[in-house]
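Colleague: Here it is, the structure, as structure tokens.
The values are calculated or read from the model by the stated rules, or taken from the named source; none is laboratory data. What you are looking at is a predicted structure, and each value in this text was computed from that prediction instead of being measured. Don't worry about glycine lacking a Cβ; one is built from the backbone with ideal geometry, like all the others, and counts go over all protein chains shown.
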Amino acid sequence: MDGTLVNVVIVGCGRVGARIAATLDQAGHRVSVVDINSASFRRLPQDFAGKAIVGTGIDEDVLKSADIEDADAFFAVTNGDNTNIMTAQIAQTVFEIPTVVARIYDPVREDTYRRMGIHTVCPTTTIASLMLSAIQGNN
Amino acid sequence: MYIIVVGGGKVGYYLTKTLVHEGYEVLLIEKNPAKCEIYTERFGAVVMNGDGAEASTLAAAGAGRADVVISVTGHDEDNLVICQLARHRFKVKRTIARVNNPKNEELFRRLGVDVTVNPTSVILSLIEQQIPDRHFVHLLALRHAKLAVVEASVAPESSICGRTVADIRLPNETSLIAILRGSDVIIPTGQTQFLAGDEIIAITRRESEEQLRDLLVTD
């Protein structure tokens, strides 16, 4: 993001989703957050100016109500790997969003979908290697 | 033939039961250990406890030598991922997914699932065929060619009554296959005349279906 404002859809309003949403919202970007549980939106800041949509991210109609058709970027960060994988593929193939990122906890699934051309983030391998680098740094 | 079924709900249960009975080599993967115990008692050693979306489970199930993987859990996202893992990691030739939300059928096909089975659509189409005053019924979708076989009944007020096949303008790439008139089956030619009460069977592009409906039924 080089200063231009973008439209972003985030599926999953857990700690990570809410944080991405709050950060982008404060920077003035147009943000929609989708979560199946309306209680999750409590994690958003009081002054959040974006949209909060209750529904599942694997339903095209729910994604449309989150303005996915105008989105420049899409983040799939629910706590379910399979939900993230499916919603990311909908964003990529059906709505042709240029930037789609999916969180996948299972390293094997992450590897498979990365090879299939999805931009993935695997917290398991990332965090494990950060932890390990802490020991290695002490040696 | 070796078939892996994922998901031991009612669909998976009866599917496994039938496939075992028909003599196929079958393995049912089910998450719930209690269900696995019950099923093992009933079917013998063809049940494995595990998450079918975990590559390690599929590997232990011998997915690499499976001819077909059928995913019939109640969650579309799980069925999609299980079929994609089977195809991309284990090179399974044929994958079949149950689709719970009818809107996902097309998506699954685009994402590489070979066959989708959607109970909602199946029941809907059965209802359509049973309702007597439906004048236009979708009989079959041929997915590779995006073709549909449809049946339409010619209403007495329809503008095509009394006209011949050569007289009407069918939508692009549409062919009339047969006309059912009473107990007769007529293979239509240009000279065949439409009569009220005719049942027309036609093949058409799926995008022309509406246009054909308008022509045969509502015009």
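Colleague: Does the range A:106-117 contain any residue that is among the hydrophobic types (A, V, I, L, M, F, W, C) and more than 10 Å from chain B (Cβ to nearest Cβ)?
Modeller: Checking the range A:106-117: not a single residue is among the hydrophobic types (A, V, I, L, M, F, W, C) and more than 10 Å from chain B (Cβ to nearest Cβ).
Colleague: Right, next: Within 27 Å of A:E110 (Cα to Cα) and either of a type in the set (V, I, T) or assigned by TED's automatic domain parsing to the domain that holds B:E106 (or both): does that describe B:G23?
Modeller: The answer is no for B:G23.
Colleague: Does A:V8 qualify as being more than 14 Å from chain B (Cβ to nearest Cβ), out of contact with any Asp or Glu (no Cβ under 9 Å at 6 or more places or on another chain) and surrounded by 17 or more Cβ atoms within 10 Å (Cβ to Cβ)?
Modeller: Spelling it out, it is not the case that A:V8 is more than 14 Å from chain B (Cβ to nearest Cβ), out of contact with any Asp or Glu (no Cβ under 9 Å at 6 or more places or on another chain) and surrounded by 17 or more Cβ atoms within 10 Å (Cβ to Cβ).
Colleague: Moving to a separate point now. Among the helices (runs of 4 or more DSSP H) confined wholly to the range B:26-124, which include 2 or more residues that are in contact (Cβ under 8 Å) with a residue 24 or more places away in the chain, at the interface with another protein chain (Cβ under 10 Å from one of its Cβ atoms) and not small (G, A, S)?
Modeller: Output list reads B:76-90, B:104-110.
Colleague: Follow-up. For the range B:1-27, what are the residues that are under 16 Å from B:V92 (Cβ atoms), in contact with a helix residue (DSSP H, G or I) (Cβ under 7 Å, 6 or more places away or on another chain) and of a type outside the set (S, T, Y)?
Modeller: B:I3, B:I4, B:V5, B:V6, B:V26 - these are the residues of the range B:1-27 that are under 16 Å from B:V92 (Cβ atoms), in contact with a helix residue (DSSP H, G or I) (Cβ under 7 Å, 6 or more places away or on another chain) and of a type outside the set (S, T, Y).
Colleague: Would you call B:E199 at pLDDT below 90, surrounded by fewer than 14 Cβ atoms within 10 Å (Cβ to Cβ) and not β-branched (V, I, T)?
Modeller: No; evaluated as a whole, the condition is false for this residue.
Colleague: Let me ask something else about it. Which strands (runs of 3 or more DSSP E) sit wholly inside the range B:165-219 and have at least 2 residues that are within 22 Å of the chain's Cα centre (by Cα) and under 14 Å from B:E151 (Cα atoms)?
Modeller: Once the strands (runs of 3 or more DSSP E) in the range B:165-219 are filtered for at least 2 residues that are within 22 Å of the chain's Cα centre (by Cα) and under 14 Å from B:E151 (Cα atoms), what remains is B:199-205.
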